[in-house]
Amino acid sequence: MTRARDGRGRPQRRAGEVYHGGVTSERSNDPGTRPFVGVLGGVGPLATAYFLNHVVRLTVAERDQDHVDMVVLNHATVPDRTEFILGRSAEDPGPVLARDARRLEAFGADFLVMPCNTAHYFTQQVLDAISVPFVSIVEVTVDAARERVADLRAVGLLATSGTASSGVYQDAFGAYGVTTLLPDDADQAVVSSIIYDQVKAGRPADLAALRGVASHLVERGAQVVILGCTELSVVAVDHGLLAEPLFIDSTDQLARATIRHAGGTVRDEA
C-alpha cells in the first residue's frame, strides 16, 4: 500500500481538515450547539474506553452539559492493523475504517478522531471518505513533544511493530528535523509482548520491562519517549506515567485536542 503524503511528510489533506490540537472550534459553546466528536474506536476496545474516560476526566465540567458530546463506533472486529502493514495478512483495515468514518459523518459528527496510532497508516483512506475534519493522534503528539523540549533533536518511540514499520512518526517528526529512535529487535519484542500478550489480553503489564526499554532509548539520545500505542496509554494511566516528564502519551494528547476542538476546556489548562 502506498501512503499519499504532502511535501512535509504528512498524509494528504482536504480543505478544512484539522490536524493539530491548538485550534478550538469556532462554533458556539452553548449547550446543544457545540460540535460533537465521532470516535473511530475499537482499535483496540480497552484503549478506546480509556480514551473516553480520559476525555471526561480532563474536561472542566460542573454539570453534564459541560462535557464533550461524542458518538463512538467501537468496531472491535476491524482487521489487525499491524498484521496487514507487515504483510502477514491480506485483510485490509483501510476500507473498513473508511466505511466507519462515513457512518460517523452520516450520523452527524462534526469532526473525527481515532485513538489508535497504528491505524494512522490508513488515514488517507479515511480522509478520502469524509468531508468533516479529522484530528490526528500523531500530529498532536508531535506538537506536544516539540512544545515540551525547546531544542528537540531526538525522540524514542514505543509502539507496535506496525507503527514503527509504517514510518508515520518518523515522517511527522522528520518534517521538523527530529530523529525518531526505535527499540532494537529484542526491546521491540518486549514492547510487543506488553501490548499484545498483556494489555490486549487483559493481563497486568510489566512496567519494569517497559521502563527498561525506555531507558535504552534515553541512553541512545532520546530526550523524550513517545508512548505511541494506545495500549501503552493504558499502562501510562494505570501506573502514573503521565506525571513523568520523560513520557509523552499519545492518548493523553489526543484527548486534550479533542476537548479543545469540541469547544471545551482542558482541566489543567484552564
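The values are calculated or read from the model by the stated rules, or taken from the named source; none is laboratory data. These figures come from a predicted structure and were not determined experimentally. Virtual Cβ from ideal backbone geometry, glycine too; neighbours counted across all protein chains shown. Ligands, DNA and RNA are excluded from the accessible area calculation, which covers all protein heavy atoms including side chains. Shrake-Rupley method; radii C 1.70, N 1.55, O 1.52, S 1.80 Å.
For this structure, a couple of remarks:
- Output for region 140-151, where each listed residue is touching a residue at least 12 places away in the same chain (Cβ under 8 Å) and within 21 Å of residue 117 (Cα to Cα): 140, 141, 142, 143, 144, 145, 146, 148
- Residue in region 97-119 that is farthest from residue 253 (Cα to Cα), counting only those that are under 18 Å from the mean Cα position of the chain (by Cα) and free of Cβ contacts under 8 Å to residues at least 60 places away in the same chain: 98
- Taking every residue in region 251-267 that is under 15 Å from residue 53 (Cα atoms) and among the β-branched types (Val, Ile, Thr) and pairing it with any residue that is open to solvent by 30 Å² or more (accessible area, probe 1.4 Å) and part of a loop (DSSP other than H, G, I, E, B), at least 6 positions away or on another chain, the pairs with Cβ-Cβ distances below 8 Å are 259/265; 266/60.
- Of residues in region 50-72 being assigned to a helix (DSSP H, G or I) and more than 26 Å from residue 240 (Cβ to Cβ), the one least open to solvent (accessible area, probe 1.4 Å): 66
- Picking from residues in region 73-104 that are acidic (Asp, Glu) and outside any helix (DSSP H, G or I), the one that is farthest from residue 41 (Cα to Cα) is 91.
- Residue within region 215-232 that is modelled with pLDDT of 95 or more, of a type in the set (Asp, Glu), open to solvent by 60 Å² or more (accessible area, probe 1.4 Å) and more than 11 Å from residue 158 (Cβ to Cβ) present: yes
- Residues that are under 22 Å from residue 115 (Cα atoms), crowded, with 24+ Cβ neighbours inside 10 Å and out of contact with any helix residue (DSSP H, G or I) (no Cβ under 6 Å at 6 or more places or on another chain) are absent from region 195-204.
- Residue satisfying condition, being out of contact with any Leu (no Cβ under 6 Å at 6 or more places or on another chain), under 15 Å from residue 47 (Cα atoms), modelled with pLDDT under 95 and open to solvent by 20 Å² or more (accessible area, probe 1.4 Å), within set 238, 268: 238
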